[in-house]
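Just below is one structure, and these are the notes that go with it.
The values are calculated or read from the model by the stated rules, or taken from the named source; none is laboratory data. Quick caveat: nothing in here was measured; it's all calculated off a predicted structure. Methodologically, a virtual Cβ is constructed for each residue, glycine included, from the backbone with ideal geometry; neighbour enumeration extends over all protein chains shown.
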Amino acid sequence: MSERASVPKEDEDAESETEQEPVTTGAQSVIRALENAGTDYVFGVQGGAIMPVYDALYDSDINHVTMAHEQGASHAADAYGIVTGDPGVCFATSGPGATNLVTGIADANMDSDPVIALTGQVPTEFVGNDAFQETDTVGITQPITKESYFAADSDTVGDNVSEAFALADAGRQGPTLVDLPKDVTQGETEVEPGKPETPDTYDVPEEADDANVQEAAEALSEADRPVILSGGGVIKANASSALREFAKEYEIPVITTMPGIGSFPEDHELSLEWAGMHGTGYANMAITNTDCMLAIGTRFDDRLTGGVDSFAPDADIIHVDIDPAEISKNIYADYPLIGDAREVLRQLFDAMPRAPDADEWREQCQEWKSEYPMTYEMPEDEPLKPQYVVETFSDLTPDDTIVCTGVGQHQMWASQFWEYTEPRTWVSSHGLGTMGYGVPAAIGAKLAAPDQEVVCFDGDGSFLMTVQGLSVAVREQLDITYVVLNNEAVGMVRQWQDGFYEGRRMASEYPWIPQFDKLAEAFGARGFTLESYENVEETIQEARDYDGPSVIDAHIDPGENVFPMVPSGGDNGLFALEEDHLDQL
Amino acid sequence: MPGPAPDERMRPKGRRNTQGIRVDPEAEVTHEPRQAVLSALVKHRPGVLSEVSALFSRRQFNIESLTVGPTVDEDTARMTILIEEPEPGIDQAKKQLRKLVPVVSVRELEGESVRRELALVKVSGEKPDDVNAVADMYDGQAVDASTDSVTVEITGSKQKIDAAVEAFKQFDVQEIVRTGAAALERGPKTLEKDV
Ligand SMILES: Cc1ncc(C[n+]2csc(CCOP(=O)(O)OP(=O)(O)O)c2C)c(N)n1
Ligand SMILES: [Mg+2]
C-alpha cells in the first residue's frame with residue numbers, strides 16, 4: 001500500500017466477481033492483462049494501428065481519458081504513477097502517436113516513475129517496409145525504458161503486457177513499452193494473459209547484507225556531523241514513515257533531493273529542506289560540511305552534487321539503493337547497501353548501536369537556518385513577486401494538496417516556497433526537465449487523487465507547450481487550479497543569460513504572449529488575472545472555490561531571479577545569494 | 001537574500017576526484033584504464049545485440065570488440081566484450097549490462113582466461129609457397145587459393161594475430177577480416193556456476 005496522504009475508498013462494486021468473458025483476440029488479451037493488473041485509468045489518443053485495442057477497451061470497465069496530445073498521455077500516466085505508486089498506463093497509435101509519447105517516456109525513465117506505454121504498430125508483414133505510420137518504436141524507446149517489447153504473437157501478447165506491467169512496478173520503478181502490431185492484436189487467440197510477473201532475469205533485492213548494515217550503522221553512529229540525504233527512492237519505496245522514525249529516533253538532520261521532496265516534513269526541526277542548484281543555503285552548507293551521509297534512493301544527479309570534487313568531500317557515504325548500478329556511479333559509496341529503502345531503513349534502525357553525538361552539529365544546522373533564511377523582498381509599489389503567490393497559496397491549502405509544475409524558475413519557486421509535509425504531493429519533472437509537464441501531469445494527478453486538491457504552478461513558456469490539455473481538464477470536469485507565474489519570458493534561460501552570457505537575451509523574451517485568462521475561458525475553464533498584491537488571496541480563493549479547472553494568469557516581476565544558486569558544476573558550499581556573488585565564484 | 005557571502009563561509013578540507021572518490025587534497029590521482037573481458041549470457045532473441053551495443057555507446061564505455069554466438073542451450077547466447085576503462089568504468093559497465101532485462105548473467109573473466117580471435121587474410125597469389133611458410137609460423141593454414149590470391153586462416157590471441165597480420169604485409173594484403181575475441185575462463189568455473 002502506498003504512503004499517499006489520503007487514499008480514496010475502493011469502489012465496492014462487485015465488478016471483480018462478475019464472470020469474465022473468455023478472450024477471443026490478442027487485443028482482448030491486452031486489455032485483460034491491464035484489468036488483471038488493476039488498471040483504473042488509461043490516457044491515450046486513438047489511431048489506425050491501435051484501433052483493435054481500443055475496440056477491446058469498449059467492453060472494459062477501465063476508464064479511458066482521451067488526451068489532446070500523446071505527450072500529455074505519457075505525462076498524465078507518469079503523474080498518475082507518482083501519486084498512486086502504481087504504473088500509469090498510456091496508449092498511442094504507431095508512428096507519430098508513438099513518437100509523441102517519447103518525451104513522457106524519457107521523463108518517466110529519468111525520474112524512475114512507473115509507466116506502461118502500449119503503442120500500435122503496422123501489421124507484422126509490413127514491418128521494415130517503411131509502411132504508412134511505421135516507426136521503429138522499440139528501437140526508439142529501448143534506451144529510455146526498462147524494457148521495450150515487440151509483441152510477436154496473439155497468443156503471447158497478453159503475457160507481454162502482464163510482464164511489462166510487473167516490470168514497470170518492480171524494484172526501481174520506471175517505464176516499459178509494448179509495441180503491438182495490428183495483426184497481433186486483431187488475431188484470434190483464446191490464451192488468457194498470465195499473472196503480472198517480472199522476467200526471471202530480473203532480480204529485486206530486498207534486504208541489504210547484514211554485515212554491511214552493521215558497519216554502516218557503526219560509522220553513522222560515530223559521526224560528528226551526520227546528515228540523511230533522502231531521495232525520490234524513499235517515496236517510491238513507501239519508506240517515508242520509516243525515514244521519519246529513523247531520523248527522529250537518532251536525531252539526524254534530513255536533507256532531501258528535489259524528487260525526495262515530501263519524504264520528510266519540511267516543518268520539522270530536523271528538516272533542512274532540499275539541496276542542490278537552487279536548494280536552501282542551510283541544506284547546501286550541511287551537505288558540504290557533513291562527515292557522514294546516509295544517502296537513500298538517490299542517484300547523485302549533477303544538479304544535486306554540483307561539481308563532484310567539492311561534493312561532501314569530508315563525508316563517508318552510506319548509499320542505500322535498490323539499483324546496484326547506482327552505487328558508486330557518480331559518488332563513491334564507502335558503505336554500499338543494496339536493497340529496498342524501507343527494508344534497509346528498518347535494518348539500520350535496529351543496527352544502530354547509539355545515536356550519534358551531534359548536539360553541536362545540530363546547533364550549527366539551526367544557525368545556518370537563521371543565517372540563510374528563505375526570504376524575499378516585496379516592495380508594495382513593485383510588480384508582484386512569484387514567491388508571495390506560492391507562499392500564500394501554500395498557507396491556504398491542506399497538507400495533502402498536490403503540487404504539479406512545468407520547468408523553469410516557477411518550478412523552483414514552487415519547490416522553495418511551498419511547504420511540503422507529505423510524500424506523493426510534489427509532482428514535477430526533475431531528471432529530464434520537461435517544459436510542458438505541468439498541464440497534463442495535473443490531469444493525471446487529479447484522477448489519481450480525486451479527493452485531494454491539485455494545484456499546478458506553470459510558467460508562461462511551459463504552459464504554452466501543453467495548453468491543449470486544458471480541453472481535457474474541462475471535458476473531464478477536473479477541479480484543478482493552474483497558476484501561470486507569467487514573466488513573459490522563458491525566465492530560467494533569461495536568468496542564465498544575465499548571469500553567464502553578459503545579458504545577451506537571445507530568444508528568451510516573448511514579444512507577445514496570449515492572455516491566459518481569456519485562453520482559459522475559450523477552453524471552457526475559468527480565467528483570472530493577478531496584477532498586484534491587492535487581491536492575491538481573494539483570487540486564489542475564488543479559483544479554488546470554482547468547481548472545475550481554473551487558470552490564474554499571475555503577472556509577476558519579470559526581473560525576478562531564483563536564489564540561492566549554485567552554478568552548474570560549482571561548489572554547493574559556495575551558493576550565490578544574489579547576482580553579485582556569481583561574479584565572485 | 002541575506003547570509004554570509006561565499007568567501008566568508010565554513011569550508012571542508014577534503015576533495016573528490018572526477019569519479020567521486022575521496023582523495024588526498026594535495027595529490028593528483030588518476031585511475032589508469034585497463035583491459036577487461038566481460039562475458040555475458042543473454043536471452044537469444046531479436047534485438048539483444050542492439051540493446052547491448054546501444055548501452056555501450058550511450059554510456060560512453062570504450063569497447064574494443066564484441067562477439068556473440070550461440071551456446072549449448074538454444075535459448076541463450078554468449079557475448080564476449082572487451083573494454084578498456086579505468087576500474088570504476090569497468091564496474092559500471094558490468095552493472096549496467098546486468099541491468100538489461102535480456103541479460104542473464106555477467107562476469108569479468110580473470111586475466112588468464114582463454115582468449116581466441118580468428119582472422120582471414122587475403123594476400124596476393126604471386127608467392128604461394130612463401131605465404132604458406134609464414135602461415136605455418138603462426139599455425140595458420142591456407143583455406144582458399146586462386147591464381148591471384150591466397151586466403152589464410154589464423155586463430156589465436158590478439159597479439160599473435162597482430163603479429164601475423166604484420167608479417168603478411170610483405171605479400172600485399174588485399175583484405176582482412178577479424179572476429180574480435182571469444183573467451184572462456186580457465187578451470188571448472190562457468191558463468192552459470194561459481195566454483
Ligand atoms: C521542452 C523543453 N524545452 C526547452 C527547455 C529549456 N528551458 C529550461 S527552463 C526554460 C524556461 C521555461 O520558461 P517558463 O515555462 O516560462 O518558466 P520560467 O522560467 O519563466 O518560470 C527553458 C526554455 C526545457 N527545459 N524543456
Ligand atoms: Mg516564464
*Filter segment A:422-442 for residues that are of a type in the set (Ser, Thr, Tyr) and touching a Gly at 6+ places or on another chain (Cβ under 7 Å); which is farthest from ligand 1 (Cβ to nearest atom)?*
A:Thr425
*Can you pull out the helices (runs of 4 or more DSSP H) entirely within segment A:426-477 that have at least 1 residues that are within 16 Å of ligand 2 (Cβ to nearest atom)?*
A:438-448, A:460-466
*asked:* Taking the conditions exactly as written (assigned by TED's automatic domain parsing to the domain that holds B:Pro46 and at pLDDT below 95), does B:Pro128 satisfy them or not?
replied: no
*asked:* Can you tell me which condition A:Glu251 does not meet? The list is (1) within 26 Å of the chain's Cα centre (by Cα); (2) at positive phi, and all the others hold.
replied: (1)
*How about segment A:103-149: which of its residues are within 18 Å of A:Ile50 (Cα to Cα), charged (D, E, K, R) and in contact with a helix residue (DSSP H, G or I) (Cβ under 8 Å, 6 or more places away or on another chain)?*
A:Glu125, A:Glu134
*Of the criteria (1) aliphatic (A, V, I, L, M); (2) within 15 Å of ligand 1 (Cβ to nearest atom); (3) touching a helix residue (DSSP H, G or I) at 6+ places or on another chain (Cβ under 8 Å), which one A:Ala445 fails*: (2)
*Can you find a residue in segment A:97-106 that is over 13 Å from A:Thr119 (Cα atoms), buried (at least 21 other Cβ atoms within 10 Å of the Cβ) and touching a Gly at 6+ places or on another chain (Cβ under 7 Å)?*
no
_Name the residue that is surrounded by the most Cβ atoms within 10 Å (Cβ to Cβ), counting only residues in segment A:362-389 that are within 16 Å of A:Asp267 (Cβ to Cβ) and among the hydrophobic types (A, V, I, L, M, F, W, C)._
A:Cys365
*Would you check which residues across segment A:475-517 are within 9 Å of ligand 1 (Cβ to nearest atom) and touching a Ser or Thr at 6+ places or on another chain (Cβ under 7 Å) and list them?*
A:Ala489, A:Val490, A:Val493, A:Arg494
_Residues to consider are A:Gly524, A:Gly491; find the one that is within 16 Å of ligand 2 (Cβ to nearest atom) and not assigned by TED's automatic domain parsing to the domain that holds A:Phe43._
A:Gly491
*Only helices (runs of 4 or more DSSP H) wholly contained in segment A:61-176 count here; list those with 3 or more residues that are within 23 Å of A:Val204 (Cα to Cα) and under 16 Å from the mean Cα position of the chain (by Cα).*
A:70-84, A:96-111
_Can you find, within segment B:54-75, the residue that is modelled with the highest pLDDT among those that are assigned to a loop (DSSP other than H, G, I, E, B) and of a type in the set (A, V, I, L, M, F, W, C)?_
B:Phe61
*Residues located in segment A:526-585, provided they are without any contact (Cβ under 8 Å) to a residue 24 or more places away in the chain, among the acidic types (Asp, Glu) and more than 11 Å from chain B (Cβ to nearest Cβ)*: A:Glu534, A:Glu538, A:Glu542, A:Asp545
*Go through A:Thr401, A:Thr405 for me and flag whichever is under 25 Å from A:Val65 (Cα atoms) and either within 16 Å of ligand 2 (Cβ to nearest atom) or assigned by TED's automatic domain parsing to the domain that holds A:Gly281 (or both).*
A:Thr405
*in contact (Cβ under 8 Å) with a residue 12 or more places away in the chain, away from ligand 2 (no atom under 16 Å from the Cβ) and among the acidic types (Asp, Glu), is that true of A:Glu363?*
no
*B:Leu97 versus (1) touching a helix residue (DSSP H, G or I) at 6+ places or on another chain (Cβ under 9 Å); (2) farther than 16 Å from B:Leu191 by Cβ; (3) in contact (Cβ under 8 Å) with a residue 12 or more places away in the chain: which is the lone unmet condition?*
(2)
_Residue that is under 30 Å from A:Val83 (Cα atoms), more than 16 Å from ligand 1 (Cβ to nearest atom) and either among the acidic types (Asp, Glu) or within 14 Å of chain B (Cβ to nearest Cβ) (or both), where the choices are A:Asp334, A:Asp400, A:Asp381_ = A:Asp400
*Can you name the residue in segment A:18-36 that is buried (at least 20 other Cβ atoms within 10 Å of the Cβ) and touching a Ser or Thr at 6+ places or on another chain (Cβ under 7 Å) and, of all such residues, is farthest from A:Gly436 (Cα to Cα)?*
A:Val23
*Scan segment B:41-53 for residues that are in a strand (DSSP E or B) and either of a type in the set (Lys, Arg) or away from every other protein chain (no Cβ under 11 Å) (or both) and jot them down.*
B:Lys43
_I'm trying to understand the selection: among the residues of segment B:13-39, which are away from chain A (no Cβ under 11 Å) and assigned to a strand (DSSP E or B)?_
B:Arg34, B:Gln35, B:Ala36, B:Val37, B:Leu38, B:Ser39
*Quick one: is A:Arg526 at pLDDT 95 or above and either of a type in the set (S, T, N, Q) or within 16 Å of ligand 1 (Cβ to nearest atom) (or both)?*
no
